[in-house]
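Presented below is the structure to which this report refers.
The values are calculated or read from the model by the stated rules, or taken from the named source; none is laboratory data. Being a predicted model, the structure only gives us computed values, none of them experimental. For neighbour counting, all protein chains shown are included, and Cβ atoms are generated from backbone atoms with ideal geometry for every residue, glycine included.
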Amino acid sequence: MKKVKTFFKKLNKSVIRYFSTNKLFISFVLFTMLESVLLRHFTIHNTFDYKPFICDLALLIIIGAFGYLFKPKKRFKYYFIWLVIITTMCVVNSIYYIFYTSFASFSLIAELGLVGEVGDSLVDKFRVIDFIYIAFPLLYYYIHRVLKVGNYYNYIGSIEKNKRMFFGTLLTGFVVLIFTVIKIDGTDASRLVKQWNREYIVQRFGIVLYQGNDLVQSLTPRINSLFGYDSAARNFKSFYGEKIRKDANKKENKYTNTLQGMNVVFVHMESIQGFLVDMEINGEEVTPALNKLTREGMYFSNFYPQISVGTSSDTEFTLNTSMMPVSSGTVFVSYYKRYFVSIPKLLGEQGYYTFSAHANGATMWNRNNMHPRLGYQEMYFKDTFDFDEKKDRVGLGLKDEMFFEQMGEKLEKIEDEHEHYMGTLIQLSNHSPFAATDWNPEIYEELGALDLTNTYTYTNPKTGLQETKTDDYLKGTKLGNYLISVHYADLSLGKFLEFVENSDHFDNTIFVFYGDHDAKLDKSEFQYYYNYDKKTGVTYSEKDPEYVNYDYFANEINRKTPLIIWTKNPEKAQLLKGVNNNVTGMYDILPTLGNMMGFSSPYALGHDIYDVGENNVVIFPNGNFITNKVYYNNSANNYITLKENTIIDEDYIKKYKEYAEELLVVSNDTIVHDLIKKEGPALMDEIKSDNKEDGNNG
């Protein structure tokens with residue numbers, strides 16, 4: 001018993017001695033761990049998950065170990081620099097996550113100069129809580145000053161054995177890291193290497209390993225061309241060889257070539273979501289123009305963008321090429337020099353004049369370089385429009401009303417000068433930050449402001465009498481601002497539609513309207529809106545039977561946007577009129593429209609929706625997917641069925657999981673290694689040769 005007491009006494013003395021002589025190291029690890037835990041708490045909400053905690057702890061101990069290679073007086077600088085780096089990392093990721101529901105990438109941050117005014121949108125997302133991390137470097141500096149005054153550094157320098165502390169701490173870090181390594185399965189390793197599900201990596205491995213891994217991944221545009229080419233080329237030939245041969249046997253359907261020879265204008269509706277369709281507030285339609293289009297055109301009610309961190313630019317890329325965004329960086333910036341088969345190129349080969357129009361700077365998302373690569377022959381950017389920067393600006397640039405007005409005149413001129421044309425008009429006013437009335441609040445009044453108030457009757461508890469009360473319940477909320485902004489953008493769109501209908505042009509033109517991505521509003525915004533009781537002016541609690549649990553799956557499914565194909569041509573309008581309820585993705589536009597207009601790309605990853613119908617699947621860049629039956633969450637490896645009494649077996653999920661991974665890898669490798677240009681011609685020759693042999697044998 002005496003020996004046991006002696007042991008614990010010595011142990012206690014050793015622990016006290018360790019803590020008293022390693023204050024800088026311990027404070028560094030403690031503060032950075034608190035930062036990593038807080039970041040996960042405020043973003044993905046897995047605060048107490050031990051897996052990312054252990055991984056972060058191991059890596060921070062390893063980083064901290066190298067501090068012992070410095071003399072005590074200089075050691076503070078080493079730890080402080082790392083603390084500032086990790087603090088900056090947490091602040092950036094905290095803000096970034098609110099905007100993108102993902103974590104920041106070095107490759108995209110390096111490209112911010114080419115993203116243009118999107119930075120304003122990020123500033124709008126700032127929260128006071130995002131800067132809580134800054135307290136830790138300040139506190140660390142305070143500790144340093146106290147230790148310096150107390151002659152701590154001289155004392156430690158006289159007793160400490162640096163190398164022993166370095167190796168001992170480093171070994172401890174690696175021992176802790178082993179607990180992470182032994183828990184990694186094949187799926188974890190695959191996701192870590194591929195990096196296309198950032199949220200899962202932080203959820204599983206913590207922020208430190210994620211950011212380090214991302215730094216390596218962000219160098220891939222320069223490195224990948226040197227590594228992995230042979231494997232990527234084999235997969236490219238195998239995947240596309242099978243796909244192209246299968247497509248050759250595809251049968252025609254009722255829409256095949258029905259729009260051949262018509263002009264086509266795409267209207268890129270910024271941040272317009274599907275829940276807005278037929279939405280009314282105080283008896284007023286929020287989006288009357290959009291509602292009109294859904295009634296008169298071919299409306300895809302379950303249409304999903306497939307964006308990554310490139311947001312609008314990812315949509316432009318996927319729509320035009322039917323390929324997926326890259327896993328690291330953005331195609332528009334990191335890989336714009338690659339060769340792609342695209343809608344503007346395919347129609348350009350048929351003699352179409354092709355153009356794009358966006359009333360913002362040409363460098364935003366590097367469009368001035370990428371649009372010509374996609375095959376646009378002419379671009380109308382900010383400097384081609386006539387407007388007063390102060391009077392005619394909404395949000396990030398020229399207000400939609402004037403944009404459409406000036407583009408209407410340009411469209412008529414284009415039609416007069418070209419037999420066939422294809423163009424893309426990109427709206428801007430509904431870009432986040434929404435309802436930017438700081439610029440010019442009167443602009444919203446010009447077309448008609450949206451009344452968001454709610455009027456209801458209640459019993460005054462003091463008088464016992466029925467009284468009427470008006471509650472501006474959406475005022476100041478991001479959702480409320482969004483609805484104001486959407487209403488303005490839609491009314492501007494309505495004026496454009498009126499112009500098209502009254503013009504003596506456009507009888508041979510179809511218009512394709514699509515929402516480029518969701519508004520990226522917080523789930524809490526919708527949680528509040530759907531649980532606000534307009535009869536009482538209070539919100540439902542979780543115990544109320546009317547309570548709506550707006551959870552992860554509800555939010556993901558709500559990200560869908562409208563897709564409508566519309567024309568003023570009476571005969572074609574009758575052909576197009578109707579609703580398609582099958583899940584459809586941005587990568588399905590090229591094959592679907594191509595079947596109608598008589599063009600196709602052998603490298604399209606999407607499908608003609610009228611060919612696959614209810615069997616379609618939409619793959620998202622993070623590995624999630626949606627079918628008519630399920631929405632699958634790749635991060636948590638769970639899913640929700642979309643119809644009552646639907647029974648899904650594991651083989652169904654496994655089949656689409658494997659297909660999603662294969663598609664994402666092939667698409668990414670094709671872009672990174674420029675395989676359409678380098679391997680495409682040989683693959684086509686091989687297929688032609690096989691077809692000749694089959695014909696001869698037949």
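The combined condition, being under 21 Å from Trp82 (Cβ atoms), within 35 Å of the chain's Cα centre (by Cα) and in the same structural domain as Phe205 (by TED's automatic domain parsing), is fulfilled by Ile134. Every condition in (1) at pLDDT 90 or above; (2) surrounded by fewer than 16 Cβ atoms within 10 Å (Cβ to Cβ); (3) of a type in the set (S, T, N, Q) is met by Gln427 except one, and the failing one is (2). Restricted to the range 307-320, and to residues there that are among the small types (Gly, Ala, Ser) and outside any helix (DSSP H, G or I), the residue that is nearest to Asn668 (Cα to Cα) is Ser308. Condition first: of a type outside the set (Ser, Thr, Tyr), without any contact (Cβ under 8 Å) to a residue 40 or more places away in the chain, over 29 Å from Tyr153 (Cβ atoms) and part of a helix (DSSP H, G or I). Now tell me which residues in the range 41-92 satisfy that. Residues satisfying the conditions are His41, Val92.
Within the bounds of the range 627-634, is there any residue that is touching a residue at least 12 places away in the same chain (Cβ under 8 Å) and assigned to a helix (DSSP H, G or I)? No, that holds for no residue. Per the listing Met324, Met407, Met379, Met364, the residue uniquely modelled with pLDDT under 95 and touching a strand residue (DSSP E or B) at 6+ places or on another chain (Cβ under 8 Å) is Met364. Does Thr453 satisfy the criteria of being among the β-branched types (Val, Ile, Thr), in contact with an Asp or Glu (Cβ under 8 Å, 6 or more places away or on another chain), modelled with pLDDT of 90 or more and under 23 Å from Glu270 (Cβ atoms)? No, not satisfied.
For the range 273-295, state whether one or more residues are part of a loop (DSSP other than H, G, I, E, B), buried (at least 22 other Cβ atoms within 10 Å of the Cβ) and out of contact with any strand residue (DSSP E or B) (no Cβ under 8 Å at 6 or more places or on another chain). Scanning the range 273-295 turns up at least one residue that is part of a loop (DSSP other than H, G, I, E, B), buried (at least 22 other Cβ atoms within 10 Å of the Cβ) and out of contact with any strand residue (DSSP E or B) (no Cβ under 8 Å at 6 or more places or on another chain).
Does Asp472 qualify as being among the charged types (D, E, K, R) and more than 28 Å from the chain's Cα centre (by Cα)? Taking the combined requirement at face value, the residue satisfies it. Screening the candidates Leu497, Leu493 for the property of being at pLDDT 95 or above, in contact with a Phe, Trp or Tyr (Cβ under 8 Å, 6 or more places away or on another chain), within 27 Å of Lys413 (Cα to Cα) and aliphatic (A, V, I, L, M) yields one hit, Leu493. Scanning the range 456-491 for residues that are in a helix (DSSP H, G or I), more than 16 Å from Lys534 (Cβ to Cβ) and small (Gly, Ala, Ser) yields Ser485, Ala489.
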